[in-house]
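Just below is one structure, and these are the notes that go with it.
The values are calculated or read from the model by the stated rules, or taken from the named source; none is laboratory data. Computed from a predicted model, the values in this text were never measured in an experiment. Note: ideal-geometry Cβ built from the backbone for every residue, glycine included; neighbour counts use all protein chains shown.
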Amino acid sequence: MSGRRGIARGRADHGAWLALRGEGGAAEDTDALMRVRAFIDAYGKSRFPRVVDGETIGGRLAVSDTGRITISRAGFRQKVSRDTAFLFFPKT
C-alpha cells in the first residue's frame with residue numbers, strides 16, 4: 001500500500017471509529033457526564049431538595065419545606081427558567 005493510500009485508509013478507519021463512538025471529545029469526559037446524568041436520574045428528588053428561588057435565611061439557601069428528611073444529600077435543585085439546575089456539593 002502506498003503512503004497516500006495508507007493515510008487515506010487510516011483517516012477512513014478513524015472516521016468510522018469516531019462515528020461509532022459518537023463524538024470527538026475525551027472518553028473520560030463523556031463517561032463522567034454519563035455518570036452524573038445517571039446519578040441525577042436515579043436520585044434527583046430524593047438527594048436534591050428544592051431551593052426556594054433566590055431566598056436565603058441567615059445567609060443560607062432557603063429549602064422548600066416538604067416535611068421530608070433528605071438522607072445522603074448530594075446538593076440542591078433549583079428552577080432556572082423552564083429547566084432544573086442541580087447544585088452539587090463539592091465532595092459529592
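Among all residue pairs at least 6 apart or on different chains, which show Cβ distances below 8 Å where the first residue, located in the range 67-92, is under 17 Å from Val36 (Cα atoms) and the second is assigned to a loop (DSSP other than H, G, I, E, B) and of a type in the set (Val, Ile, Thr)?
What qualifies is Ala74/Thr92; Gly75/Thr92.
Which of the strands (runs of 3 or more DSSP E) contained wholly in the range 1-85 include at least 1 residues that are at pLDDT 75 or above and surrounded by 10 or more Cβ atoms within 10 Å (Cβ to Cβ)? Give the derivation first.
Values: elements: 51-57, 60-63, 75-80.
Result: 51-57, 75-80.
Starting from the range 24-49, take each residue that is free of Cβ contacts under 8 Å to residues at least 60 places away in the same chain and list its partners that are surrounded by 10 or more Cβ atoms within 10 Å (Cβ to Cβ) and part of a helix (DSSP H, G or I), counting only C-beta distances under 8 angstrom and pairs at least six apart or across chains.
Matching pairs, first to second residue: Gly24/Leu18; Ala27/Arg21; Phe48/Ile40.
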